[in-house]
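Before any comments, here is the structure.
The values are calculated or read from the model by the stated rules, or taken from the named source; none is laboratory data. Computed from a predicted model, the values in this text were never measured in an experiment. Counting neighbours? That spans all protein chains shown, and the Cβs are built from the backbone with ideal geometry, glycine included. Note: accessible area is taken over every heavy atom of the protein model, side chains too, but ligands, DNA and RNA are not part of it. Shrake-Rupley method; radii C 1.70, N 1.55, O 1.52, S 1.80 Å.
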Amino acid sequence: MPARRDTRPDRVRSLQEGWAVLALLLVPLAALTLCGVVVAVLVKAVSLALPGGRPRGRRELTAWSARVLALAAVSVYVIGAGLVQLDDHESRSGADSSPAPACRDVDQATVAGLRDSRASYLPLGFTCLREDGSTYAGEPVLRWFNGIGLGGVAGAVLLGAAAAGASRGRPVGDGAHDEPAQEERPGAAGAR
């Protein structure tokens, strides 16, 4: 009976290649989304600054801000995850590529005795392993992605809760969120 070949490394490699293709598609989309968020915020700021540009109510502005902040946080996370994937893929490809560049791109004293690296997607980053068993965190830029992403999610949750609380606290039809009523002029069509 022929020996059964272990296909686990092939499955892992296939999964890693699948994630690389997905990241290849998602990272540019996330970057475009982040640019769109910046444009939307600028347009909203200009529209609010112009005469007559007041929002219909605080709840709408708070809910809009929560959605935009959540979209920005997700975009930043996807871009950071793409950077982790890129470094992780590079560490497995080619000669003199391991450990990941995120671990090697620091001062020589820190890199001394570097043996391996492990990618992490939550939080984004790399754990760099030395020969003596000690570790250090690689790629300080990824910490910024973690902070911005976490801050954005926290802000979106708080703003969303504030918007939800504002909508529950007011009775329907109090006029705070309604369209401004059109005044009827004498002699105008529909006037009585």
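Yes/no per residue for (1) modelled with pLDDT under 80; (2) open to solvent by less than 40 Å² (accessible area, probe 1.4 Å); (3) out of contact with any strand residue (DSSP E or B) (no Cβ under 8 Å at 6 or more places or on another chain); (4) among the hydroxyl-bearing types (Ser, Thr, Tyr):
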residue	(1), (2), (3), (4)
Ser93	yes, no, yes, yes
Ser98	yes, no, no, yes
Pro101	yes, yes, yes, no
Glu131	no, no, no, no
Ala137	no, no, no, no
(message) I need a count of the residues in segment 91-131 that are within 23 Å of the chain's Cα centre (by Cα) and free of Cβ contacts under 8 Å to residues at least 12 places away in the same chain.
(response) 3
(message) Out of Val172, Val106, Val153, I need the residue that is at pLDDT below 85 and surrounded by 13 or more Cβ atoms within 10 Å (Cβ to Cβ). Which one?
(response) Val106
